[in-house]
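Notes follow once the structure below has been shown.
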Number of protein chains: 2
Amino acid sequence: MKMGFNKRNKQNEHYRVVILGAGFGGLWATKTLVHYPVEICLLDQNNYHTFFPLLYQVAAAELEPEDIAYPVRSIIRKFPNVHFLLAKVNKIDLKAQIIETDICMISYDFLILSMGSITHFFSIKGYEYVYPLKTLEQGINLRNQILTCFERALYEPDEELQKSLLTFVIVGGGSTGVEFAGTLAELVYGRMKKDYRNLDIKKVKLILLEAGERLLPNLPDRLGNYALSRLNKIEVEVRFNSKVSEVRPDELKLIDGSIIQTYTVAWTAGVRGEPELKNWGLPTNSNGRVTVLNTLQVPGYPNVYAVGDLAYLEEDGHPLPMVAPVAIQQGVATGKNIALQISNEPPQPFHYKDRGTMVVIGRNAAVVYLFNRLYFTGFLAWIIWLAAHLFSLIGFRNRFLVLINWAWDYIYYERVVRLILPTKSSSL
Amino acid sequence: MKMGFNKRNKQNEHYRVVILGAGFGGLWATKTLVHYPVEICLLDQNNYHTFFPLLYQVAAAELEPEDIAYPVRSIIRKFPNVHFLLAKVNKIDLKAQIIETDICMISYDFLILSMGSITHFFSIKGYEYVYPLKTLEQGINLRNQILTCFERALYEPDEELQKSLLTFVIVGGGSTGVEFAGTLAELVYGRMKKDYRNLDIKKVKLILLEAGERLLPNLPDRLGNYALSRLNKIEVEVRFNSKVSEVRPDELKLIDGSIIQTYTVAWTAGVRGEPELKNWGLPTNSNGRVTVLNTLQVPGYPNVYAVGDLAYLEEDGHPLPMVAPVAIQQGVATGKNIALQISNEPPQPFHYKDRGTMVVIGRNAAVVYLFNRLYFTGFLAWIIWLAAHLFSLIGFRNRFLVLINWAWDYIYYERVVRLILPTKSSSL
């Protein structure tokens, strides 16, 4: 194994902080730490940061992949003490304080684990036929599948097969499932209806399966009910108490034995921690996430932190949600705590400032829940959602292009991004 | 085999025209024929039209793939007599007048062959290690390879290996090769220099190999010389009389025995017709292109036409060039000729109106050759080139986004599109 990053620069005695993952947590930790006398090595297996909250819009052909991805090197180039490494982590050796990657080994003084979560398929059979929605690649795959199903259905003489091709199932009634269902309904009954004028659009079926009794279980009842009535209005069939037991290429089986004929099962039902974490000696909970102290340190390793989806932390007896604001705030807090440790001061406990939750449901409608007391639904909520997301996008140009895409869409009721994108690639 | 498109509508006795390929030739033939009483079936293996003249800019990370691709269904939706079929052609049966695709069979009254050309590797060994530049997918692959080489080189301790990773070879001194070399030089010495500040950018080597004695062999000497001096100025090494004999993953061998250590060989050296054409009974020349009559009809098959790169036709003793304007004019001419045949009138011979040739060489510089007599070089030529290409892009939104990308690039001297795009995909 080549030793790439492990030669410490003897001229400066700066501590080296290695940050695994350039998601929200890792990036905000980086941005916090650049102002301290440390050498930062930021590692990711992609050369871009993905704005996950809008990934479902790529899957629904509303945004282009590039609209929600931003090159990491553009973000860090202002900071001379940050180095980016495009690599995959093979192993973390907590005792030796060394990260083994597919490129080289890296030693660290401080480590921040911010690799996020992976899709949790629970115990369903045939999960390889499911379309998860966790990475940009998966977003593109799901979009390609949906568009290809329409192309195939148009010339399919067998009525039953045509119906299967036009049945799209979304598993999970949380915010991603609800948002994706809403956007998909718009794509289908808006643009696709015009593009496939020889296809009876009434044959399309959008089904949202939720294992529990209501939508948006983390939000007040009123908002879940609004989401349900809104989805029903735009022709999305919502089924409660529906747990998937098996997926096959052309059908989905529920635990109650009923079967849905479909070629497309989008999965937004669950996430978990990377199973390797446990093998590397990290303390994990039953969901594979790393349990952390309230300082976000990993128990037993005061120089190792975990943030974002990957970290499991309870506050007031409830686990913190796996959302971008938690990751961002934890990234900042971890950066500050490492700075404190370098100055020989004790790290401080983390407290989450919940500024609210927003879920958009198709054109002009959203639910917004702010400061645990304010509710908004409908168009006003949609405007708040739009503004909040636009301002969160990294980089002016991305914001601008996304706004153009949305404005175009809004004015012309048109999806302009309906390319089935090329996919095969080379790798070094 | 299912019969999808072959049931003729008995209510109207319109002729069915099948058009294979939604490139420039196929699309302009479609646009011409929509005004006549025909049923048009337009077939392509992608659901988008690619603006090939700017493909090299996707490969050089200057434009996003979506900037040069436009959904075919958006283009044809105004025309009720056009049907689009996303499919691959397996076989053409000229006697039975039936096209066999991977989806269904289609019978035709008139057929237009407009599938374009494929890369010609001549007789080099190891062509599977070469990066061709003919499809959107290949453009993305080449870009991913270039960006990945920089990422790898940054942490490569072996000096020789690092040099190989940073050597980029472009084969072919025609317009695509010259344009790609110019744009790549800008990417490297502009944006990449800033992004990889710990990398000595002087280690990067850009080499353009031309088998002949000069660049842009189809244009007057003066313009080829200008291109050469311009490329030399922006650090591109041009080697003449250089024929490739073999490519391996990490090196390239020339016929004179010399070797260039490189991981990236971009291939713009040659194109040819799809070999299957000959097997299907079409008359082809030594380059695999279909030889056509001056009416663009295929000899022996008065209801079969060939246009664009796929068609071989000489005018005044010279073969017509394989460029977009020829394909567009031939598409229009073919549409009109089929309309004439339907009215029992004889098809007319095709004459190419050569409005000029333009080649851009990096920032602010181009050569333009108009009406076989006017020359422009430098900034004025670049402005003419920019305007001409923008106005040729299909769809206002694409034009607008490309303009934003270019303007941003021009003002900030910045490449914002440097994503190593996700690639693996599902297929139905």
(message) Taking the number of other C-beta atoms within 10 Å as the exposure measure, put B:Trp267, B:Trp280, B:Trp385 in order starting with the fewest.
(response) B:Trp280, B:Trp385, B:Trp267
(message) Taking the Cα centroid of the range B:114-187 and of the range B:12-52, what is the distance between the two, rounded to the nearest whole Å?
(response) 33 Å
(request) Translational diffusion coefficient, Stokes-Einstein: compute it for the range B:245-382 using the Kirkwood radius over C-alpha pairs as Rh, at 37 °C and 0.692 mPa s, and state it as an integer in µm² s⁻¹. (result) 181 µm²/s
(message) Taking A:Ala387 in one copy and the same position in all the others, each labelled 7 Å out along Cα→Cβ, what are the pairwise distances from the first, in nm, shortest first?
(response) 4.2
(request) Starting from one equal scatterer on each C-alpha and no solvent at all, send me the Debye-based log10 I(q)/I(0) for the range A:204-296 at q = 0.13, 0.15, 0.20, 0.25 Å⁻¹, two decimals. (result) -0.66, -0.79, -1.01, -1.22
(request) Taking each label point as 7 Å beyond Cα in the direction of the beta carbon, state the distances from B:Gly270 to the same residue in the other copies, shortest first, in nm. (result) 5.8
(request) Read phi for every residue in the range B:176-182 and hand back ³J(HN,Hα) as whole Hz from Karplus 6.51 cos²θ - 1.76 cosθ + 1.60, θ = phi - 60°, with x for Gly and Pro. (result) 4, x, 5, 5, 5, 4, x
(request) Calculate one ³J(HN,Hα) per residue across the range B:313-320 by plugging θ = phi - 60° into the Karplus curve 6.51 cos²θ - 1.76 cosθ + 1.60, and present them in order as whole Hz with x for glycine and proline. (result) 9, 9, 9, 6, x, 10, x, 5
(request) Could you pull out every one of the lysines with an alpha carbon less than 25 Å from that of A:Lys253, ignoring same-chain neighbours closer than 8 positions? (result) A:Lys125, A:Lys134, A:Lys163, A:Lys202, A:Lys203, A:Lys205, A:Lys243
(message) If I build a Gaussian network model for chain B, linking alpha-carbon pairs within less than 10 angstrom, which residue out of B:Leu33, B:Leu216, B:Leu380 has the largest mean-square fluctuation?
(response) B:Leu380
(request) Assuming R0 = 22 Å, can you tell me the calculated FRET efficiency for the pair B:Glu160 and B:Phe122, based on Cβ-Cβ distance, to the nearest 0.05? (result) 0.15
(message) Connecting C-alpha atoms closer than 10 Å in a GNM of chain A, tell me which of A:Gly257, A:Gly224, A:Gly26 has the biggest fluctuation.
(response) A:Gly257
(message) Quick check: Cα centre of the range A:203-257 to Cα centre of the range A:67-106, how many Å?
(response) 39 Å
(request) On a 0 to 90° scale, report how tilted helix A:396-412 is relative to the longest principal axis of chain A, with both axes built from alpha carbons and the result rounded to the nearest 10. (result) 10 degrees
(request) Rank the residues A:Tyr36, A:Tyr226 as a footprinting-exposure proxy: fewest other Cβ atoms within 10 Å of their Cβ go first. (result) A:Tyr36, A:Tyr226
(request) Give the angle, between 0 and 90 degrees and rounded to the nearest 10, that separates the Cα long axis of helix B:24-33 from the longest principal axis of the Cα atoms of chain B. (result) 30 degrees
(request) Return the distance in nm (one decimal) between the two label points of a simple spin-label model at B:Ile383 and A:Asp256, each offset 7 Å from Cα along Cα→Cβ. (result) 7.1 nm
(request) Multiply the residue gap between A:Phe79 and A:Ala96 by 0.36 nm, knock off their C-alpha separation, and tell me the result in nm, one decimal place. (result) 3.3 nm
(message) Less than 12 Å Cβ to Cβ from A:Thr50, Lys/Arg counted +1 and Asp/Glu -1: what total charge do the surrounding residues give?
(response) -3
(message) Using each residue's phi in the range B:134-150, evaluate 6.51 cos²θ - 1.76 cosθ + 1.60 at θ = phi - 60° and report the 3J(HN,Hα) Karplus result to the nearest Hz, with x for Gly and Pro.
(response) 10, 10, 4, 4, 5, x, 5, 4, 5, 4, 4, 4, 4, 5, 5, 4, 4
(request) Would you mind ranking B:Glu274, B:Glu100 by Cβ crowding within 10 Å, fewest neighbours first? (result) B:Glu100, B:Glu274
(request) Mind grabbing the base-10 log of I(q)/I(0) for the range B:121-270 at q = 0.13 Å⁻¹? Debye formula, identical points on the C-alpha positions, no solvent, two decimal places. (result) -0.56
(request) Working from Cα positions, state the angle (0 to 90°, nearest 10) between the long axis of helix B:324-342 and the longest principal axis of chain B. (result) 0 degrees
(message) Taking 8 Å as the Cα distance limit and 6 or more residues as the minimum spacing, I'd like the relative contact order of chain A as a percentage.
(response) 19 percent
(message) Please list, ordered by chain and number, the residues whose modelled amide H lies under 5 Å from the amide H of B:Leu208; skip anything fewer than 5 residues away on the same chain.
(response) B:Ile170, B:Glu237, B:Val238, B:Arg239
(request) Starting from the amide H of B:Ser107, placed 1.01 Å from N in the peptide plane, find each other amide H under 5 Å away whose residue is 5 or more places distant or on another chain. (result) B:Asn6, B:Ile99
(request) Name the residue, out of A:Ile361, A:Ile106, A:Ile19, whose mean-square fluctuation peaks in a Gaussian network model built on chain A with Cα pairs under 10 Å. (result) A:Ile106
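Computed from the coordinates by the stated procedures, all read-outs in this text should not be read as laboratory data. Just so it is clear, the model here is predicted, and its values are computed rather than measured. We place every Cβ from the backbone using ideal geometry, glycine too, and count neighbours over all the protein chains shown.
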